Amino acid sequence: MNTKATHRTEGIVLKTLNYSDSDLIVTFYTRDFGKLTAIAKGARKSKKRFVNVLEPFCCSSLLFFRKQRDQLAWLESCQCINEYPEIRKSLDRTLLASYFIDLVDHFSLEEKAEIKLFKLLYTFLSLIEEGDTSERLLRFFEIRHLKITGYAPALDRCLICNAPLNSQQRYVFSITHGGLHCLSCSSASAAPGVLPISVGTIRTLQLGTEIETDKMKRILFSGQTARESKSLLTLFIGHILGKELKSMKVLDEVQRMRI
Ligand SMILES: [Zn+2]
């Protein structure tokens, strides 16, 4: 049978690719279909049909159709829900938002729906739009993203002796094992891929994973926590992906230039 199925969902633009003189291929992260790639016919020639809605971060209500699930989707219409104008006006906000969508793009699979990931991205883009570009926001996005995508680091116990986190103990984080080793178990605290981490940082990251987003600002994020969580999360994400994301590199370079 040669029938077309039409679908409606909400999606955030992750990236676009020019395709022919007139068409655009757009990758969205959608509420109901996970990552979805669709062709926007005529989007490069006429702006009328898709006016300003196919820019990165833009969240829209989409209508698309396709003949079969494994075939390319055709974008029929796109109505803007939130285009995040303040993000677009600021370099800091744009760099942070670009890293968030890049992370979601690299970790997600086509058509594997995960509504929590859609909500996470939408909520954190909204927080950037409101002006939050803090280190705390960046690390809490990473740790929540890892949890939703099934890569949560084990921060509640020692992976070797299984003893629960204890504020009297000292710990290292093993990048290859994705979790804590207490110092009494770890014979190689200075080995490559093993980072010292304070109990304060571990507890802050645990809290950042669970707390409601409107209460995140109440969490104290010390200089030590910022340094330790940056090393841990950057190396751990790089280890999972097998590379450093370009958007992370640019964000990091711009932040270093300002110090
Ligand atoms: Zn142990």
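The values are calculated or read from the model by the stated rules, or taken from the named source; none is laboratory data. Every value quoted in this text rests on a predicted model; they were computed, and no experiment measured them. Counting neighbours? That spans all protein chains shown, and the Cβs are built from the backbone with ideal geometry, glycine included.
Numbers for the structure displayed
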| item | result |
| --- | --- |
| Output for the stretch 229-249, where each listed residue is over 24 Å from Q206 (Cβ atoms), touching a helix residue (DSSP H, G or I) at 6+ places or on another chain (Cβ under 6 Å) and not charged (D, E, K, R) | L245, S247 |
| Verdict on T6 being surrounded by 15 or more Cβ atoms within 10 Å (Cβ to Cβ), modelled with pLDDT under 95 and of a type in the set (S, T, N, Q) | no |
| Filter result for the condition that a residue is surrounded by fewer than 14 Cβ atoms within 10 Å (Cβ to Cβ) and either in the same structural domain as R139 (by TED's automatic domain parsing) or small (G, A, S) (or both), over V254, V199 | V254 |
| L125 surrounded by 15 or more Cβ atoms within 10 Å (Cβ to Cβ), in contact with a Cys (Cβ under 9 Å, 6 or more places away or on another chain) and over 30 Å from T30 (Cα atoms) | no |
| Selection count, the stretch 10-46, where residues are more than 18 Å from the chain's Cα centre (by Cα) and either of a type outside the set (V, I, T) or more than 16 Å from F57 (Cα to Cα) (or both) | 17 |
| Among (1) within 16 Å of the ligand (Cβ to nearest atom); (2) free of Cβ contacts under 8 Å to residues at least 24 places away in the same chain; (3) out of contact with any His (no Cβ under 9 Å at 6 or more places or on another chain), the one test that P196 misses | (2) |
| Residue among F65, F57, F100 that is surrounded by fewer than 20 Cβ atoms within 10 Å (Cβ to Cβ), in contact (Cβ under 8 Å) with a residue 40 or more places away in the chain and not assigned by TED's automatic domain parsing to the domain that holds Q224 | F65 |
